[in-house]
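First comes the structure, then the notes that go with it.
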Amino acid sequence: MTSPPVENFPGNSLAVPRRAVPCRAVPCRAVPCCAVPRRAAPRRAVPRSSAMSQQFQVLRCFSCQTFQVQQVKKSSRWRCKLCGEKQTLLKEFGRGSGADCRRHVQKLNAMRGAMLDQLRENRQVEPDSGRTLR
């Protein structure tokens, strides 16, 4: 016959045999014979990211022309975060997760900024006459 596994506990110089089944219906942690190793929590079958994630949309303000991310709502009205204008949803430039929409908005606003810089370069003012160059 084989003996039960032996385990040393901190503060106890004697090796105490560990039982496979606790000696009481409710194991206590104070008595070493009842110390049963805990099992890890069961893993979820569905990853947390794929379960009903929040949807976002990419919109452009008619007043300040900046692209921005808004959560998808049932109503078609929204308010610009920069200029505060209330407006209706006319065109959606993208939809997806928050991170994807933020990257898309940064790309669109960077392209818009580059175009504005290029227009300002082409329309520089002559220092002497004050006329715009074309």
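The values are calculated or read from the model by the stated rules, or taken from the named source; none is laboratory data. Note that the structure is predicted; figures quoted are calculated from it, not measured. In this analysis, Cβ positions are derived from the backbone assuming ideal geometry, glycine residues included, and neighbour counts consider all displayed protein chains.
Remarks
- Residues (acidic (Asp, Glu), over 25 Å from the mean Cα position of the chain (by Cα) and modelled with pLDDT of 90 or more) located in the stretch 99-134: Asp117
- Some residue of the stretch 48-68 being modelled with pLDDT of 85 or more and exposed (fewer than 10 other Cβ atoms within 10 Å of the Cβ): yes
- Pairs where the first residue, in the stretch 67-93, is more than 20 Å from Leu108 (Cα to Cα) and of a type in the set (Gly, Ala, Ser) and the second is at pLDDT 90 or above and assigned to a strand (DSSP E or B), C-beta under 9 Å, 6+ apart: Ser76/Thr88
- When the residues of the stretch 96-106 are filtered to those that are under 16 Å from Cys61 (Cα atoms) and either of a type outside the set (A, V, I, L, M) or in contact with an Asp or Glu (Cβ under 8 Å, 6 or more places away or on another chain) (or both), the one that is surrounded by the most Cβ atoms within 10 Å (Cβ to Cβ) is Cys101.
- Residues satisfying the stated conditions in the stretch 69-84, i.e. hydrophobic (A, V, I, L, M, F, W, C) and either over 20 Å from Ser97 (Cα atoms) or at pLDDT 95 or above (or both): Val69, Leu82, Cys83
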